[in-house]
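The values are calculated or read from the model by the stated rules, or taken from the named source; none is laboratory data. None of the values given here were measured: they were computed from a predicted structure. When we count neighbours, we look across all protein chains shown, and the Cβ atoms used for this are built from the backbone with ideal geometry, even at glycine.
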Amino acid sequence: MKLFYTPNSPYARIARVSIIELNLSNQIETQKVIVRDPNSNLLNYNPTGKVPTLATDDGFILSETRIICVYLNHLNPEIKLVADISNSFLQQLEGMTGGFIDGIAVWVRELRRPHSEQSPGVIEFERSRALRILDYFEKISDKLDQTPKLAHITLVSALGLEIRLPDLQWRQKYPKLAHWYDEFSKRPSIQATRPES
């Protein structure tokens with residue numbers, strides 16, 4: 001089994017952290033690839049060229065982070081990483097963190113474009129959305145624990161994009177969330193998957 005990733009993809013980071021937390025590192029090879037390269041080995045497996053991509057031993061190609069994490073959790077069901085229908089709060093949190101990371105990713109991509117091609121409207125929309133969701137996370141921060149769950153891993157991966165998005169500046173305004181983030185970030189799985197500078 002093989003997981004294709006790039007070191008700076010927050011989505012691939014979620015899958016990589018999940019592999020570690022589910023104790024699957026010995027079963028799954030990770031292969032670093034370059035995206036947007038017409039000669040990338042990734043395209044031999046996944047024509048979308050997206051990371052993460054998981055090539056399973058059954059010959060299936062899985063893409064999209066949550067689909068991959070559900071599959072990984074199936075390989076070690078003793079650890080409950082992905083929320084099931086019995087836990088409405090974690091399901092809600094998975095949805096919120098998924099929307100948060102998607103918006104942050106759009107914001108980062110927009111700022112990477114040449115300045116003359118950037119859309120101020122898109123940047124402002126995603127900035128406003130991010131701050132609104134951060135307000136929510138700060139309010140519920142007492143419900144966030146240090147248990148490795150898909151929602152927590154997604155939230156840490158999104159907040160970790162602060163190194164590439166200086167405009168986010170979330171730490172001072174959201175001290176309880178910052179404390180939770182700093183504690184969760186001490187996990188070996190988070191340390192091992194830190195984005196490259």
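So, in segment 64-111, exactly how many residues are farther than 22 Å from residue 15 by Cβ and either of a type outside the set (S, T, N, Q) or touching a residue at least 60 places away in the same chain (Cβ under 8 Å) (or both)?
The total comes to 4.
Within segment 116-134, is there a residue that is exposed (fewer than 15 other Cβ atoms within 10 Å of the Cβ), under 24 Å from residue 18 (Cβ atoms) and among the β-branched types (Val, Ile, Thr)?
no
Would a scan of segment 164-182 turn up a residue that is outside any helix (DSSP H, G or I), at pLDDT 95 or above and either at positive phi or surrounded by 13 or more Cβ atoms within 10 Å (Cβ to Cβ) (or both)?
Yes, the conditions are met somewhere in segment 164-182.
Of the residues that make up segment 144-162, is at least one assigned to a helix (DSSP H, G or I), basic (Lys, Arg) and in contact (Cβ under 8 Å) with a residue 40 or more places away in the chain?
No, segment 144-162 contains no residue that is assigned to a helix (DSSP H, G or I), basic (Lys, Arg) and in contact (Cβ under 8 Å) with a residue 40 or more places away in the chain.
Tell me whether segment 133-147 contains one or more residues that are within 18 Å of the chain's Cα centre (by Cα) and aromatic (Phe, Trp, Tyr).
yes
Residues are listed down the side, and each one gets a yes or a no for (1) at pLDDT 95 or above; (2) more than 20 Å from the chain's Cα centre (by Cα); (3) of a type outside the set (S, T, N, Q); (4) on the phi > 0 side of the Ramachandran plot:
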site	(1), (2), (3), (4)
16	yes, no, yes, no
42	no, no, yes, no
73	yes, no, no, no
82	yes, no, yes, no
